[in-house]
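Take a look at the structure below.
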Amino acid sequence: MGALKFEGFAPRWFRLAPDSVLMQSQCRGAPAWAEYVHLLWTMWVFVTPVFTPQGYDARWWLLTAVSYPLFIALYVGTLALPARRVRACAIGMMLLCLLLLPWYPGGMSYFVFGCVMLGAHPWRNGWRYAAALLLANVVLLVSARSIGYPWSAVVWLPVTTLVVGLLVHVERQRHRKDAQLRLSQEEVRRLATTAERERIGRDLHDLLGHTLSLVALKADLAGRLLDSDPRAARREIGELGQVARDALAQVRRAVTGIRAAELAAELAAAKVLLEGEGVSLSVDAHTDDLPPAQETVLALCVREAVTNIHRHARASAVRISLRRQAQHWRLQVEDDGRGGAIRPGNGLAGMRERLQALGGSLSIEPASPRGTRLAAELPHWSAVAAEPAHP
């Protein structure tokens, strides 16, 4: 994915790194200003002088005028630069605090931001990040105590940086894992589509190669017999028409395989998404005579249902079934998660609208003994009624 221009918060020539915090945030659909809201915590830079004997003296104004813009530049760097360069900016915030510590207590806010943003570096595991936080806090505590800071003024820093830093780090790791799963899903769908196209191409080549050769042979033979033996020529022309009709019927049967491709891709993507989280998935789907329009709607229902289970259900097992019952198709997605009240959102509303547009319905109810059961129903259409006739 190419870098996007971060309009509104940087010059037009400024481009985000593809693996930057801001780019990942935008890919999740978060607004551009979301990461900048955290700067509200820097209010402590401006509040701290209230609790010091010097107050808002000339030295405070000078150090703030010099350090705060530098801190903002480093913070933007942790958000917009490549992940491998985030650590340098985060350490820069910490060093800024240590350099100003003898004269500028408010700089400890810079240290907190540096510790938290250090988590955006691509650490191999969380333990290394926790060790880096501990080391940084030891350095700060030793420095602060050596220049006369009381314990009460600095003892809160290790607790704050460790708790907030690790929580933010875990959240970022979760978002990164979700992004990887989405990429895996898209890759599964792409591979399924490619495989289906290749299969159809092979089938059409096998069917039409022989048939068209036979058509050409009979056409040549009818042309040669037209003057010498008109009856035989008419017979060959009649057989030529029958061959063409048989070929058309074979092509129609071959391309019906396209109909199951989209649903198959969604089921494969669901398997990747759920089993990647340790959730078992069982599928029982029968798609014979399923019209393309209905198959597309049911495939989207599977996608939305599985996404909701992944995000909210905390399930250990999921069952998906699709069967024709009497005069309707019934898709059922059932999980053994925490259940509870379902809040209708845009996803469920869109699912219900698509089903209703085809004369179907959607129901959501508690499963037994726990979990949620989603059922989508569509009336059965015959292949003749569902698809336009071919000439």
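Structure values in brief
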| read-out | value |
| --- | --- |
| Burial order of peptide ranges 301-310, 35-44 (average beta-carbon count within 10 Å, highest first) | 301-310, 35-44 |
| Modelled FRET efficiency - R0 25 Å, residue 208 with residue 326, Cβ distances, 0.05 increments | 0.05 |
| Residue 248-residue 282 FRET efficiency (beta carbon distance; Förster radius 45 Å; 0.05 resolution) | 0.70 |
| For peptides 94-104, 214-224, sequence by mean Cβ density within 10 Å, most packed first | 94-104, 214-224 |
| Cα→Cβ-extended label distance, 7 Å offset, between residue 130 and residue 33, nm | 3.7 nm |
| Rg and Dmax of the stretch 47-201, Cα atoms only, in Å | 21.4, 82 |
| The stretch 279-386: C-alpha gyration tensor shape, a/c 1.5 cut-off, then a/b vs b/c | prolate |
| Spacing of the two label points (7 Å from each Cα toward its C-beta) at residue 155 and residue 216, in nm | 9.3 nm |
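Readers should treat all values here as calculations from the given coordinates under stated rules, not as data from a laboratory. Just so it is clear, the model here is predicted, and its values are computed rather than measured. Note that we place each Cβ from the backbone using ideal geometry, even for glycine, and neighbour counts take in every protein chain shown.
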